[in-house]
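The values are calculated or read from the model by the stated rules, or taken from the named source; none is laboratory data. Computed from a prediction, not measured in an experiment: that's the story for all the values here. All Cβ positions, even for glycine, are placed from backbone atoms using ideal geometry, and neighbour counts span all protein chains on display. Remember, those area values only see protein heavy atoms, side chains included, never the ligands or the DNA or RNA. Shrake-Rupley method; radii C 1.70, N 1.55, O 1.52, S 1.80 Å.
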Amino acid sequence: FVDAAFDASTCSSRSAFLFQLADASWSLICWLNILDWATHKEKRKVLSTPAAELLTIQMGLKRLPLMLRTLHFLFPSLEVVLFSDSATSLSQMETGVAKKEERLFGILAWCVQEVKRMDIK
């Protein structure tokens, strides 16, 4: 899971991610299966919630590779799924186009590349 909180009055945001190990039959509300999580205030100013969400996706993707190496060793058929509550951010990831903030295009391109490389659904 990735999520961001955006404050339009200051153009600042907070990012958070949560990695859980779950089977499709498990409840994602259970906190016993949390593998890693983090939250922090973003240093970069953004102009919209989707931009803040994109920075959060980037933060999560940077932390994921080390964990995936271990998990793929333990669970060879592991499937990784990205959840976000922002339809706009998920649409940007699918299309590769950041409509409102073109200055974040490089971050979006990197995120799309990493999602494909790590075979994330």
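Helical runs (DSSP H, four residues minimum) scored at -39500 (n - 2.57) apiece and divided by the length of the chain put the mean residue ellipticity at 222 nm at -13000 deg cm²/dmol. Applying a DSSP loop filter and a limit of 15 other Cβ atoms within 10 Å to the trypsin sites (Lys or Arg not before Pro) in segment 1-103 leaves Lys43, Arg44, Lys45, Lys99, Lys100.
Using heavy atoms of the protein chains and a probe of 1.4 Å, the accessible area assigned to Thr70 is about 80 Å².
A simple charge model with +1 on the Cβ of Lys and Arg, -1 on the Cβ of Asp and Glu and nothing else charged puts the dipole of the chain at about 460 debye relative to its Cα centre.
Please list, by residue number, every one of the chymotrypsin sites (Phe, Trp or Tyr not before Pro) in segment 48-120 that is coil in DSSP and has at most 14 other beta-carbon atoms within 10 Å. When the chymotrypsin sites (Phe, Trp or Tyr not before Pro) of segment 48-120 are filtered for loop state and at most 14 Cβ neighbours within 10 Å, Phe83 remain. Other residues whose C-beta falls under 15 angstrom from the C-beta of Ile120 contribute a net charge of +2, scoring Lys and Arg +1 and Asp and Glu -1. The relative contact order of the chain comes to 26 percent, based on Cα pairs under 8 Å that sit 6 or more residues apart.
Taking the charge dipole of the chain about its Cα centre, with +1 at Lys and Arg Cβ atoms and -1 at Asp and Glu Cβ atoms, the residue from Ser91, Thr10, Leu66 reaching farthest to the positive side is Thr10.
Solvent-accessible surface of protein heavy atoms, probed at 1.4 angstrom with all chains present, puts Cys111, Cys11 in the order Cys11, Cys111, largest first.
Please go through segment 71-121 and write out the GluC sites (Glu not before Pro) that DSSP classes as loop and that have at most 11 other C-beta atoms within 10 Å.
Numbers: sites: Glu79, Glu94, Glu101, Glu102, Glu114; in loops: Glu79, Glu101.
Answer in residue order: Glu79.
Based on a Kirkwood Rh over C-alpha pairs, give the Stokes-Einstein translational diffusion coefficient of the chain at 20 °C and viscosity 1.002 mPa s in µm²/s.
Reported coefficient: 143 µm²/s.
For Asp85, the solvent-accessible surface computed with a 1.4 Å probe is close to 110 Å², ligands and nucleic acids excluded. Residue separation of His40 and Leu74 scaled by 0.36 nm, minus their Cα-Cα distance, works out to 9.3 nm of gained length. Cross-link partners for Lys100 among the lysines, with Cα-Cα distance under 20 Å and sequence neighbours closer than 8 places in the same chain left out: Lys43, Lys45.
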